[in-house]
Amino acid sequence: MPSPMVAAAISAGSLSLTGAESTMSPRFFRSGTPGDACSTFSSGNFQYTTVPFQTDGSGSLRAIVDPQTCGTGVFVTFHVGAFNPSSICSGYQWSFGSSQAFDQTFSVPASTAMTMVLSGVANAPGVSCGPVAYSLDGTANAAASAIPVNNPWALVVLAALVGIAGWRLRSFRQA
């Protein structure tokens, strides 16, 4: 029987800042260059929200982000593992470098838990904007079934197992 496989998927959705998010300090420096190293800027309270995901086996992620009504008031970063707001550069993997819409493909560790972080750039808790639309191509969905139902032989084996179980149950009832 084949082992479970991880199938490729596209994760998509939208995020908003409501003013009730957790805060971090400092915030990310926006260098203006995609893929620059992480650096920090300013102090204060900066809102953020996260989207955890799992990368697929390709080692590549295509991220499409449209800040819509948030405009340049938000910044998106990608981190390996969970995001640590007390050490915002921990696990940092990539950012577009500026607060604007982008469609970029970049390298990521294959088959790894990651987090996309949407952070506010204004030093003021209570900022409200959104939605920010996103699409991540290069993520993985849940493990596939151990018995793939699109395989005709798997259906034959499944039918045989159900038949044997039914015959055994009937035999015990008659005895």
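Quick note: the coordinates plus some simple rules give every number you see, no bench work behind them. Only a predicted model underlies this, so the values are computations on that prediction, with no experimental measurement involved.
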Report task. Collect residues whose amide H, placed 1.01 Å from N in the peptide plane, falls under 5 Å from the amide H of residue 39; neighbours closer than 5 in sequence don't count. Result -> 29
Report task. Please turn the phi angles of the stretch 51-59 into ³J(HN,Hα) values with the Karplus equation 6.51 cos²θ - 1.76 cosθ + 1.60 (θ = phi - 60°), one per residue in order, whole Hz, x for glycine and proline. Result -> 10, x, 7, 10, 6, 7, x, 7, x
Query raised in the report: Just the Cα atoms of the stretch 31-76, one point each, no solvent: what log10 I(q)/I(0) does Debye give at q = 0.20, 0.25, 0.29, 0.32 Å⁻¹?
Result: -1.08, -1.36, -1.34, -1.30
